[in-house]
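The structure under discussion appears below in the form of structure tokens.
The values are calculated or read from the model by the stated rules, or taken from the named source; none is laboratory data. Predicted model, so just to flag it, every value in this text is computed and none were measured. All Cβ positions, even for glycine, are placed from backbone atoms using ideal geometry, and neighbour counts span all protein chains on display. Keep in mind that these areas ignore ligands, DNA and RNA; they rest on the heavy atoms of the full protein, side chains included. Shrake-Rupley method; radii C 1.70, N 1.55, O 1.52, S 1.80 Å.
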Amino acid sequence: MICEKILGKVTDEEFKGKKIDYVDIFWDEAFKKLHRKTSAAGVELGIRLDDSVLTKGLRQDDVLAVEGDTVYAVRIPPCEILIVRIDPRHPKMTAKVCYEIGNRHAPLFWGNEEGTFITPYNEPMRAMLEKLHGVSVEKAETALDFDRRISASVHSHTH
């Protein structure tokens with residue numbers, strides 16, 4: 001099956017009562033145009049999207065296709081993350097944290113609490129952030145919410 005556009009969300013009225021077969025799209029794949037995936041039920045999908053995905057990305061519960069009574073939708077699986085907390089007594093460290101994460105071309109997301117940020121986990125990032133005065137870092141696991149992203153784009157990028 002070839003999927004060429006996002007048809008809506010699984011919560012849309014037109015998809016109510018249909019069976020949902022999820023396709024895992026990992027956080028670092030969400031902004032790519034081409035995918036070859038297998039759904040949870042074993043259905044092969046080719047995903048070929050237009051350039052709009054480069055800025056919007058695929059999101060949790062986006063509908064990729066409908067076939068009979070089955071909706072094929074995106075699931076963003078949980079990943080390891082770093083929750084970065086800025087001590088309220090050191091508010092200027094916010095700029096330093098955002099600079100250091102951005103300088104490493106890592107995506108950055110708003111945390112769930114005031115003074116917190118989220119970035120995908122990697123050990124060098126954790127080690128660097130733990131050295132910053134007034135900053136604490138906690139490793140956790142969650143699905144990234146692209147509606148909470150701060151960085152302009154989310155791409156897997158390394159030097």
Self-check item: Of residues in region 112-126 being at pLDDT below 95 and over 30 Å from ALA40 (Cβ atoms), the one most open to solvent (accessible area, probe 1.4 Å)
Solution: GLU114
Self-check item: Check on TRP110, in contact with a Pro (Cβ under 7 Å, 6 or more places away or on another chain) and on the phi < 0 side of the Ramachandran plot
Solution: no
Quiz item: Mind checking which residues of region 127-139 are touching a residue at least 24 places away in the same chain (Cβ under 8 Å), surrounded by fewer than 16 Cβ atoms within 10 Å (Cβ to Cβ) and in a loop (DSSP other than H, G, I, E, B)?
Solution: HIS133
Quiz item: Can you tell me which residue in region 32-52 is surrounded by the most Cβ atoms within 10 Å (Cβ to Cβ), limited to those that are touching a residue at least 40 places away in the same chain (Cβ under 8 Å) and under 18 Å from the mean Cα position of the chain (by Cα)?
Solution: ILE47
Quiz item: When only residues in region 5-31 that are of a type in the set (Lys, Arg) and surrounded by fewer than 12 Cβ atoms within 10 Å (Cβ to Cβ) count, which is modelled with the lowest pLDDT?
Solution: LYS16
Quiz item: Which residues, taken from region 98-110, are surrounded by 14 or more Cβ atoms within 10 Å (Cβ to Cβ) and farther than 10 Å from LEU82 by Cβ?
Solution: CYS98, GLU100, GLY102, ARG104, PRO107, LEU108, PHE109, TRP110
